[in-house]
Structures are given as structure tokens and as C-alpha cells.
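The values are calculated or read from the model by the stated rules, or taken from the named source; none is laboratory data. Please read these numbers as outputs of a predicted model, since none were measured by experiment. No Cβ is skipped: glycine too gets one built from the backbone with ideal geometry, and neighbour counts run over all protein chains shown.
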Amino acid sequence: MNTIRVATVLFDTKIASAEMPYFRGGVIRLSGGNALFHNHCAEGFHYTYPLVQYKRIKGCAALMGINQGAEALIELFGGKPSLSFNLGNRQTVMNAVAIRSERFPIVCDEASRTYAIGRWLPLNGTNYRIYQQTENLVDRISMLEKILVGNILSFAKSIGIFFERPVNCRILQLEASGLVDYKGVELMSFSAKFSCNVSLPEGIGLGKSVSMSNGIIKRL
């Protein structure tokens with residue numbers, strides 16, 4: 001059985017979606033430019049999947065780290081429960097109210113698990129055009145299911161896990177929830193419920209821009 005380490009740091013400070021880049025920038029500076037916190041290096045992106053992710057949980061700032069990212073979070077915040085941040089024009093002190101670290105098993109088997117996913121960004125410029133040209137709803141959902149499988153495989157590969165059996169996903173409910181800015185480009189965002197034969201840690205992101213609170217999953 002494959003297990004991963006997941007660490008979560010919860011702060012007491014409410015943060016708006018528009019303030020997330022400032023929160024991320026402040027943490028990166030605090031880390032001394034550690035590549036785990038900004039996910040790129042001189043040659044480009046460092047990891048295909050970010051091992052440190054910036055979240056809003058119940059409207060409050062939060063961080064999640066996976067494996068090396070979890071270790072980096074514990075090292076950075078374990079002895080610093082209070083931090084001063086400039087969120088744009090707003091200066092605030094953030095208090096870490098909870099720091100959790102746990103081991104989580106990643107299993108691909110015959111069991112079906114149900115999840116919800118919000119602010120999921122599955123489409124890029126190319127497959128968005130294909131999606132728009134696909135008139136049949138069943139075919140659209142089939143296309144998104146294949147992308148979701150790819151998102152899960154990308155997550156697993158990034159942490160060194162390769163499944164021996166096929167990953168199966170079935171979208172049970174789907175709702176287009178608007179547009180989200182991604183590197184200056186507006187991408188269609190979805191909320192969905194889906195079933196899958198892989199155990200996934202609650203709170204991780206799937207799809208694009210997961211480091212900035214997109215594509216967060218919740219176990220149902």
C-alpha cells in the first residue's frame with residue numbers, strides 16, 4: 001500500500017480570492033524562495049503537480065503540503081504560529097490556529113468512492129474548443145471524465161505512485177460555475193460530484209491552478 005504524508009496549516013485570517021496571490025507571495029518570501037513553495041525554477045516549472053498548495057478553507061487562509069511539501073510546511077511554520085503579511089494594501093497578522101500532519105493511504109481498487117470537486121479547471125484552449133463543438137451532453141461528460149482520470153494520474157505520478165489497475169471515474173453531477181482567471185486567460189470552472197476507484201486525500205486539488213485553491217476535492 002502506498003501512503004503519503006499530508007500536512008495542513010490553518011490560519012485565523014479571512015482572505016478574499018483576490019488576495020490569494022499576495023498570500024502566496026508572502027509565504028514564498030518567508031520560505032526564502034524554496035522551490036517547493038513557488039513550483040518553478042530557472043528552467044520553468046519544477047514539478048508537474050504542486051506539493052505546496054494555497055487554500056481558502058471556510059474563507060480563511062490555509063496551506064496544504066504533500067510529502068516534501070508537508071515537511072517544508074512543518075519546518076517553516078512549526079515554530080512560527082504568528083506571521084505578518086501584506087495582502088495587497090491590507091496589512092494583517094495571521095495566527096496559525098491548527099497544524100495537522102497525517103499519513104494517508106493511496107489505493108486503487110474495486111471500491112467506489114464519491115467526491116465533490118469545486119472550481120475545477122479541466123479545460124485548456126485546445127480541448128475547450130473541442131468541448132464547445134461537442135453538442136451531445138453524454139459525449140461532453142465522457143470527455144471530462146477522461147480528463148479527470150488524467151488529473152488523478154498526474155497527481156499520483158508526481159508523488160511516485162503508479163497504479164496496477166485502470167483508474168475509473170464517473171461524473172454523477174456537473175455544473176458550470178463561471179470563469180476563473182488563469183495566467184491572464186479565462187477558463188471555464190466546474191463544480192461536480194464524481195465516483196472513483198482511487199482513495200484521495202480530502203483537500204487536494206485536481207486540474208489546473210491547484211496551487212491557488214482551485215479543484216479542491218471533498219470526500220462524500
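Say we look at segment 173-220 and pick out the residues that are polar (S, T, N, Q) and more than 21 Å from residue 23 (Cβ to Cβ); which of these is surrounded by the fewest Cβ atoms within 10 Å (Cβ to Cβ)?
173
Which count do you get for residues in segment 113-145 that are in contact with a Cys (Cβ under 7 Å, 6 or more places away or on another chain) and over 23 Å from residue 209 (Cα atoms)?
The first filter runs over segment 113-145 and keeps only residues in contact with a Cys (Cβ under 7 Å, 6 or more places away or on another chain), leaving 113, 115, 145.
Within this subset, residues satisfying the condition of being over 23 Å from residue 209 (Cα atoms) are 113.
Going through segment 113-145 one residue at a time, the tally reaches 1.
Given the conditions (1) at positive phi; (2) in contact with an Asp or Glu (Cβ under 9 Å, 6 or more places away or on another chain), which single one is not true for residue 108?
Going through (1) at positive phi; (2) in contact with an Asp or Glu (Cβ under 9 Å, 6 or more places away or on another chain) one by one, residue 108 breaks only (1).
Considering only segment 1-32, state which residues are part of a helix (DSSP H, G or I) and within 12 Å of residue 83 (Cβ to Cβ).
Passing the criteria: 23, 26, 27, 29, 30.
When segment 118-144 is examined, which residues are found to be closer than 21 Å to residue 219 by Cα and touching a residue at least 40 places away in the same chain (Cβ under 8 Å)?
Step one: list which residues in segment 118-144 are closer than 21 Å to residue 219 by Cα, which gives 118-122, 141, 144.
118, 119, 120, 121, 122, 144, listed by residue number.
Has segment 46-53 got at least one residue that is at pLDDT 90 or above and not in a loop (DSSP other than H, G, I, E, B)? Before you say what the answer is, go through the steps one by one.
Start the filter on segment 46-53 by keeping residues that are at pLDDT 90 or above, which leaves 50-53.
Within this subset, residues satisfying the condition of being not in a loop (DSSP other than H, G, I, E, B) are 52-53.
Scanning segment 46-53, I find at least one residue that is at pLDDT 90 or above and not in a loop (DSSP other than H, G, I, E, B), so the answer is yes.
Could you tell me whether residue 214 is over 20 Å from residue 48 (Cα atoms) and touching a residue at least 40 places away in the same chain (Cβ under 8 Å)?
no
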